[in-house]
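Take this structure, written in structure tokens, and hold onto it; I'll ask about it next.
Values in this text are rule-based calculations from the coordinates and carry no lab data. Not measured: the values here are computed from a predicted model. Because the Cβ atoms are built from the backbone with ideal geometry, glycine has one as well, and the counts that use them run over all protein chains shown.
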Amino acid sequence: MTTGSVPAPRLTPRWFATAALLCCAALAAGEAGAQLQAAGSRPGVLATLWKWTPLVLFGPPREFGGFALNIAVSFLAMAIGTLAGLVLGLGLVSTLAPVRRLSWLVTQFFRNSPWLVLLFFVMLLTPFQLRIAGVAIPLPGWLKATVGLSLPIMANVAEIVRGAVNSIPTGQWESAESLAFSRLQTLWRIILPQCVKRMIPPWMNWYAILTMATPLISIVGVNDAMTLTQDALAAEQRSELLIPMYTLLLFFFFVYCYPIARWTIQLERRYAVRN
Amino acid sequence: MRSGTEGQAVSGSPTWTPDQPIVALHDIHKSFGAVEVLKGVSLDVAKGEVVCIIGPSGSGKSTLLRCVNALVPINRGSIKVEGQEVHDPALDKLALRRKVGMVFQQYNLFPHKTAIDNVMMAPLLVLKRPRAEVEAQARRLMSKVRLEGKEDAYPGELSGGQQQRVAIARSLAMNPDVMLFDEVTAALDPETVKEVLVTIRELAEEGMTCMIVTHEMGFAREIGDHIYFTDGGVIVEHGPPDAFFTQASDPRTRAFLSQIL
Amino acid sequence: MDALWDLLRHVHDAYGVNLVHFYDGFERGRLLRGIWTTVKLAAVCIAFSILIGIVGAWLQTSRQRILKAAVKVYIQFFRNTPPLVQMYFFYFALGPQMPRVVNDFGVPQPMFGSFEWAVLSLSFFAGAFNVEIFRSGVEAVQKATVEAADSLGLSRWQIYRYVVLPLAVRICLPALNNNLVNLAKTTTQAYAIAVPETLFVASQIWSDRINVLEMMVTLLTFYLLLVGVFVWAMTRLERRLRVPGFGQ
Ligand SMILES: Nc1ncnc2c1ncn2[C@@H]1O[C@H](COP(=O)(O)OP(=O)(O)OP(=O)(O)O)[C@@H](O)[C@H]1O
Ligand SMILES: [Mg+2]
């Protein structure tokens, strides 16, 4: 299987053009704001944006936060959600009816609940520390938030697994059975490797959705890029900074998510042609 | 609409009289990209005349018909329908398409509308005629194409031949002066070809001007007043059916006829 | 009804399951108003986002390069940035730039409240997806069918309105469904700009009454019901729009 050969995204000239356009829009908006406020001797909008960029990107000094935290949370939540989703997805295609039904219920529940409600659910209803064999393990807010975000990912990954497994013709199952493979062996060794390619584009799509959901953790009090942007605005108390600062934040996410979206579309096309 | 045609949308240019050709093509050229598909085609169709166009696949027959209806623009030459220039950027395309009806090889009915709604749609939307009147006309047309009782069927519930007859009725509902038929039987089973041809023959007998692209040589010979043979984007040979089918002089025509007959 | 409330009151006293948001008239009223706000918010956003989708897909069929490019930039921007940040941008950044209007009491107030901003931002967010969904439907409509309408003399807008759009909608209804369910769920983030929708009033109730678990269960049940009802309605619509011999 050559599943490792996922091509890198092509950053087309159009991508750069779009990014540049957005940059210009943000700058223009900032400059327009600055002109309106030309009276003061305060630093210009661009200088102020520049001053706060490190904080928004990486969090306060000697602390982990900001946009980097958003990305870290997205990686971790995706990892947890994918592992749990694989297990749940295998439950969805199980031959045991009770397992299948239970998995179906769990999947539907987490797929159809609003992300923010699930986030609150985990934040408010899990303890702030775990006690295992007398050792107290603290559960920081960002970790709980990560788990909260991984729940819908789990359910959607499970659906991807189910869809992919069901798309494999039954002949494959039968031939594996005739070779005396067990069902689990058949799944792991024969069916899933064939599914991987089919699963990658929707899986990446969910990664992008997850990344764009990470600012939700600011609502439950995690120091992510959203929170820090608002902190910066509160510290400056300058209304002409509002549009530029929020635009800058949107821009960070756009620069990160847009290539992923292009790459996903490219992979979709590529695999669609081969199948 | 230009001032010259006001109040007489159906009768075309003010200088046109019915004894002049109703469709007059003069030296038309059409290219798709670098490929020249029509290389100077000229032909005239008189009012009430039935013209059949035959020729090998890819020789530009469909393109020719589509030019007459302004579905594709031409590069050079002149197309006059009732004296009005089609190859004119200021052309009122809607007025032209009211005069020219077209029936396609693949029927192209609107799949989400019942048969009668397909027929009624254009008169209601384009001509803005009263609904009751349009419906009465649509029912007459449905029975004219022998589809009474199928008014409320969806295209997906009709056979190919039935769909094609609905498509004919749909074009007739606009009361066109000229009908264009583009291989309307090519997608049909041999048994259903006849029912469509009968409908077209009746139309021709009523005096409708028709331009028919077809592979049915027997039909062309029987119904056509004039046969045109196209190949490679030009008209190779033409003439009245008897002469054409018996005394074709060009070797390309003879090769084509011997293949197909 | 009162008997039921009394029963719930008793359950609270006897077993400690605090369903005060049902049996207490005040809390119940709050919750119902929150639910009504969610339903309104979802319905208005769905309507607007569909409108945006229809118009956007229409603009993409136009021959004007600049219009097409503008729609493209809009789609890519709203699809690839977080909906929550979009909402903050609308509410906190654009909000203060809007002119103020004088209300009935003669007091100046912002032109749009948080509800209106939530509607705007959520509609634009879901609308970007709807444009793409409708466009894919429009592209799937056979060119020959469009040509037939053209040859009958229908105008460009009539062709879109009476032929292309009805067929496109039937083709893309499943994808549209998905996106609208997602939109209904995303209305919860209006919490962040204090729109008094279900999540917002629920959080007020659980802070006042300390019944987080019971409130959470109620909340999740409500949203599952909301999504369920919506999916059911859309399935019915899908069945009503089904045309014999078209599609599957
Ligand atoms: N829209 C188009 N774009 C590019 N090329 C085209 C287009 N339409 C037709 N052609 C080309 O023009 C040539 C003539 O096509 P046309 O459909 O007119 O042939 P035809 O005589 O009707 O053939 P057939 O008997 O197969 O229907 C063909 O080579 C075709 O590939
Ligand atoms: Mg043809």
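In the range B:28-125, what GluC sites (Glu not before Pro) fall in a loop by DSSP, with at most 12 other Cβ atoms inside 10 Å?
Hits after loop and neighbour filter: nothing returned.
Shifting gears a bit: Shielding by partners for A:249-261, please: the mean number of other protein chain Cβ atoms within 10 Å of each residue's Cβ.
Whole-number average of other-chain Cβ neighbours for A:249-261 is 4.
Sort C:TYR15, A:TYR271, C:TYR23, C:TYR191 by Cβ crowding within 10 Å, fewest neighbours at the top.
Ordered by Cβ neighbours within 10 Å, fewest first: C:TYR15, A:TYR271, C:TYR23, C:TYR191.
Report the relative contact order of the range A:49-274, percent, no decimals, based on alpha-carbon pairs under 8 angstrom and at least 6 residues apart.
27 percent
To make sure I understand, if each residue's beta carbon is the centre and we count other beta carbons within 10 Å, what order do A:ASP224, A:ASP231 fall in, fewest to most?
Going from least to most buried by this count: A:ASP231, A:ASP224.
Within 10 Å of each candidate Cβ there may be at most 12 other Cβ atoms; applying that plus a DSSP loop requirement, which GluC sites (Glu not before Pro) in the range B:91-158 survive? The partial results should precede the final answer.
On the way: sites: B:GLU133, B:GLU135, B:GLU148, B:GLU151, B:GLU157; in loops: B:GLU148, B:GLU151.
Listed in order of number, the matching sites are B:GLU148.
Sorting check: for C:28-39, C:73-84, which peptide has the highest mean count of neighbouring beta carbons within 10 Å, and how do the rest follow?
The densest-packed peptide leads the list: C:73-84, C:28-39.
Right, next: Could you give the semi-axes, largest first, of the ellipsoid that matches the range B:25-122, computed as the square roots of 5 times the alpha carbon gyration tensor eigenvalues and rounded to whole Å?
Details: eigenvalues 123, 59, 42 Å².
Equivalent ellipsoid semi-axes, largest first: 25, 17, 14 Å.
Roughly speaking, what is the centre-to-centre gap between the range C:139-184 and the range A:139-217 when only Cα atoms are used, to the nearest Å?
If we compute the Cα centre of each part, the gap is 34 Å.
Let me ask something additional. Could you give the dipole magnitude of the protein assembly as shown about its Cα centre, charging the beta-carbon of Lys and Arg +1 and that of Asp and Glu -1, in debye to the nearest 20?
The dipole magnitude comes to about 1660 debye.
Separate question: Counting only other chains, what is the mean number of Cβ atoms within 10 angstrom of the Cβ of each residue in peptide B:99-107?
So the per-residue partner count for this stretch is 3.
Continuing with the same structure: Tell me, B:MET217, C:MET215 in order of fewest to most beta-carbon neighbours within 10 Å?
B:MET217, C:MET215
Give me the compactness ratio for the range C:140-248, meaning the Cα radius of gyration over 2.2 N^0.38 Å.
1.62
Answer rounded, prolate or oblate for the range A:118-269, using the Cα gyration tensor with square roots of eigenvalues a ≥ b ≥ c: rounded when a/c is under 1.5, else prolate when a/b is larger than b/c, else oblate.
It comes out oblate by the Cα gyration axes.
What is the gain in length, in nm to one decimal, between C:ILE35 and C:GLN109 on full extension, counting 0.36 nm per residue of separation less the C-alpha to C-alpha distance?
On the way: separation 74, 0.36 × 74 = 26.64 nm, distance 2.58 nm.
Value of the extension gain: 24.1 nm.
Just to verify a number: FRET efficiency for A:ALA235 and A:VAL99, C-beta to C-beta distance, R0 = 60 Å, to 0.05?
0.65
Same structure again: Please give the net charge around B:SER62, taking every other residue with its beta carbon less than 13 angstrom from that of B:SER62, where Lys and Arg add +1 and Asp and Glu add -1.
Net charge in that neighbourhood comes out at 0.
What relative contact order, as a whole-number percentage, does chain B give when Cα pairs under 8 Å and 6 or more residues apart are counted?
24 percent
Related question: Provide the net charge surrounding A:ARG100, with neighbours chosen by a C-beta distance below 15 Å and charges set as Lys +1, Arg +1, Asp -1, Glu -1.
+2
Multiply the residue gap between C:LYS143 and C:SER62 by 0.36 nm, knock off their C-alpha separation, and tell me the result in nm, one decimal place.
Net length gain for the segment: 27.6 nm.
Would you mind giving the mean number of other chain beta-carbons within 10 Å of the Cβ of each residue in C:91-101, as a whole number?
Mean number of neighbouring Cβ atoms from other chains: 3.
Please identify the chymotrypsin sites (Phe, Trp or Tyr not before Pro) of the range A:54-131 that satisfy two criteria: DSSP loop assignment and at most 13 other Cβ atoms within 10 Å. Which are they?
Here the chymotrypsin sites (Phe, Trp or Tyr not before Pro) that fit, given the DSSP loop and packing criteria, are A:PHE64, A:PHE128.
Around B:ARG97, with a cut-off of 14 angstrom between Cβ atoms, what is the net charge of the other residues, counting Lys and Arg +1 and Asp and Glu -1? List each step's numbers first, then the result.
Details: positive: B:ARG66, B:LYS93, B:ARG98, B:LYS99, B:ARG170, C:ARG156; negative: B:GLU82, B:ASP92, B:ASP177, C:GLU147, C:ASP150.
Surrounding charge for B:ARG97 is +1.
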